[in-house]
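Undergrad: What follows is a structure written as structure tokens; I'll ask about it next.
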Amino acid sequence: MTDRGGTDVRSEMYKTSGVDTAEADAGLSRIVARVQKTWPRSGQGRVLLPIGYFANVIEMDGVGIAICTDGVGSKTIIADMMRKYDTIGIDCVAMNVNDMICVGAKPLSLVDYIAVSHTDAAMLDAVGAGLCEGARMAQVSISGGETSQLKDVVTGFDLVGMAVGRVALDKIIDGANVRAGDVVIGVRSNGIHSNGLSLARRAFFGEGRYAVDHKFDELSHTLGEELLRPTDIYVPEALEILERVRGIKALANITSDGLLNLTRVAAPVGYEIDHLIEPHPIFALIQQHAKVDNGEMFEVFNMGVGFCYVVDPVDEALTLSILEKHGRVAQRIGHAVADPEKIVRIRERNLAGQHKKFWRDDHTARRAG
């Protein structure tokens, strides 16, 4: 919508959906500066990765203990609208374990926090069923949790998890070894997952446009069922790839910020994305009804790519074969390039992006043409 030096109209549009990304980033930078002062310089509890990666690792008796936390966001509102709560727990597990495997760790256990406006035993039981199903899929335990009644604070409910895992200190992955020419393999998502629901709700339910039981011709399910579809869990195949693929360089969970998550790696590289996976129909419907451009769609949503592996080219075939064995639809979507500015270029959409923003890139457009 604008170049990088102009007014960020896109952020303003997303802000109207209830998500002020610019203010959140400003607050986050201050939190980071404060919490890093708590880090021990050496020994027990030493923090091994910078804040901002998918998960962190602390040293404990010569072993890396991986930790991360995340929630399901405003997807809980869709669950309330549907009065269906037995899958949202899967999302909670997925949002955590999919981040944890990105540092090379095996997820082991998860605790959850449920904040509710009022107690509903049947709803809590259904949430618990989803958490246990997600734990089964991720091969982890649910080792505890907390439920709070906060009617003066919460409207509906909120669901958050915190996961712990283990990784050998010499097996921690932060993408420092990614090099120009390494292949990016994208794994097809099963839909919207748990990001961008604020914008999706504005697109479909703002001003009473549609009901959750509306059925678009482009979708195989009702709108509510499509938006509530639980996030894919990528743990089993990722653990096998980590074990068998010697040339694995980085793993990236494609959540908010979309393919810009690839630039979290420590190496000074950017990416040329030249063979996108076809996005699910839900994304085109969101874009049409929200009236946003390609840049914002790729900033907010996974756009059909739920997870990525960056591997040495010699290991492309092996990685794809493991993913196929686990029933995943995956393909090579691009490659890494030497670039200290860490720019992601998506040729098919004439986009270039950095940090959290995409812009129209005429250079990419010319090359694509």
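The values are calculated or read from the model by the stated rules, or taken from the named source; none is laboratory data. Keep in mind that this is a model prediction, so the values were computed, not measured. In this analysis, Cβ positions are derived from the backbone assuming ideal geometry, glycine residues included, and neighbour counts consider all displayed protein chains. Protein only, heavy atoms only, side chains kept; ligands, DNA and RNA dropped before computing areas. Shrake-Rupley method; radii C 1.70, N 1.55, O 1.52, S 1.80 Å.
Undergrad: How many residues are part of a strand (DSSP E or B) and either crowded, with 23+ Cβ neighbours inside 10 Å or charged (D, E, K, R) (or both) when one looks only at region 234-263?
TA: Looking only at that region, the number is 5.
Undergrad: I've got another one for you. May I ask you to list the residues in region 121-163 that are in a loop (DSSP other than H, G, I, E, B) and either of a type in the set (A, V, I, L, M) or at pLDDT below 95 (or both)?
TA: Correct list: V140, L150, K151, D152, V153, V154, T155, G156.
Undergrad: Here's a follow-up. Which one of A284, A266, A317 is at pLDDT 95 or above and part of a loop (DSSP other than H, G, I, E, B)?
TA: A266
Undergrad: Would you be able to tell me the number of residues in region 206-233 that are assigned to a loop (DSSP other than H, G, I, E, B) and either open to solvent by 40 Å² or more (accessible area, probe 1.4 Å) or of a type outside the set (S, T, N, Q) (or both)?
TA: So the answer is 17.
Undergrad: Counting only residues that are of a type in the set (S, T, N, Q) and modelled with pLDDT under 90, how many does region 14-39 have?
TA: Total meeting the criteria: 4.
Undergrad: State all residues of region 274-297 that are farther than 17 Å from E348 by Cβ and among the hydrophobic types (A, V, I, L, M, F, W, C); if no residue qualifies, say none.
TA: I282, L285, I286, A290, V292, listed by residue number.
Undergrad: Being over 20 Å from the mean Cα position of the chain (by Cα) and over 15 Å from L199 (Cβ atoms) is the requirement here; does L318 meet it?
TA: yes
Undergrad: Given the condition more than 29 Å from R136 (Cα to Cα) and either in contact with a Cys (Cβ under 9 Å, 6 or more places away or on another chain) or in contact (Cβ under 8 Å) with a residue 40 or more places away in the chain (or both), answer yes or no: does some residue in region 225-244 qualify?
TA: The answer is no; no qualifying residue exists.
Undergrad: When region 183-205 is examined, which residues are found to be open to solvent by 20 Å² or more (accessible area, probe 1.4 Å) and either hydrophobic (A, V, I, L, M, F, W, C) or out of contact with any helix residue (DSSP H, G or I) (no Cβ under 9 Å at 6 or more places or on another chain) (or both)?
TA: R188, N190, F205
Undergrad: Just give me the residues in region 314-329 being under 19 Å from A252 (Cβ atoms) and open to solvent by 30 Å² or more (accessible area, probe 1.4 Å), in sequence order.
TA: Once the filter is applied, which keeps residues that are under 19 Å from A252 (Cβ atoms) and open to solvent by 30 Å² or more (accessible area, probe 1.4 Å), region 314-329 yields E316, L318, L320, H326, R328, V329.
Undergrad: Follow-up. State which residue is farthest from the chain's Cα centre (by Cα) when the search covers only region 287-304 and only residues that are of a type in the set (D, E) and assigned to a helix (DSSP H, G or I).
TA: Only one residue fits best here, namely E296.
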